[in-house]
Amino acid sequence: MGGDPTGEPWVVEGSAKEVATRLAALTDLGFTAFSLSPLGPDLETQAEALAKEVIPAVHDAVRA
C-alpha cells in the first residue's frame with residue numbers, strides 16, 4: 001500500500017470506496033481503531049460520507 005498523494009503516509013484520502021478499502025487493509029495489519037478527521041472546505045459533507053459510507057463499508061469488509 002503506497003503513500004498518500006499528500007506525501008503523508010498517515011493520510012488516507014480519496015472516494016468513500018477508496019478510503020474504506022485502505023482502512024480495511026489497515027485492519028489486516030492489526031489496526032483496531034482509527035482517528036478520523038475530515039479536512040478541506042466541506043467538512044460537513046465529508047463527515048457525513050464517513051458516517052454513512054466509509055465506516056459501514058469498513059465494518060462490512062472486516063466482518064467478511
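Restricting attention to segment 14-64, and to residues there that are in contact with a Lys or Arg (Cβ under 9 Å, 6 or more places away or on another chain) and not small (Gly, Ala, Ser), which single residue is surrounded by the fewest Cβ atoms within 10 Å (Cβ to Cβ)? Give the steps one after another, and end with the answer.
Narrowing segment 14-64 to residues in contact with a Lys or Arg (Cβ under 9 Å, 6 or more places away or on another chain): 14, 16, 53-54, 57.
Next, only the ones that are not small (Gly, Ala, Ser) stay: 53-54.
Numbers: Glu53: 15, Val54: 24.
Among residues in segment 14-64 that are in contact with a Lys or Arg (Cβ under 9 Å, 6 or more places away or on another chain) and not small (Gly, Ala, Ser), the one surrounded by the fewest Cβ atoms within 10 Å (Cβ to Cβ) is Glu53.
Could you grab me the full set of residues in segment 15-26 that are in a helix (DSSP H, G or I) and among the hydroxyl-bearing types (Ser, Thr, Tyr)? Steps first, answer last, please.
Applying the first criterion (in a helix (DSSP H, G or I)) to segment 15-26 yields 16-26.
Matches in segment 15-26: Thr21 only.
Summed over segment 20-51, residues that are of a type outside the set (Asp, Glu) and over 12 Å from the mean Cα position of the chain (by Cα) total 9. Inside segment 27-64, can you point out the residues that are touching a helix residue (DSSP H, G or I) at 6+ places or on another chain (Cβ under 7 Å) and outside any helix (DSSP H, G or I)? Within segment 27-64, Phe34, Leu36, Pro38, Gly40 qualify.
Every number in this text was worked out from the coordinates using simple rules, so none of it is lab data. Every value quoted in this text rests on a predicted model; they were computed, and no experiment measured them. As a convention, Cβ positions derive from the backbone with ideal geometry for all residues, glycine included, and neighbour counts pool all protein chains shown.
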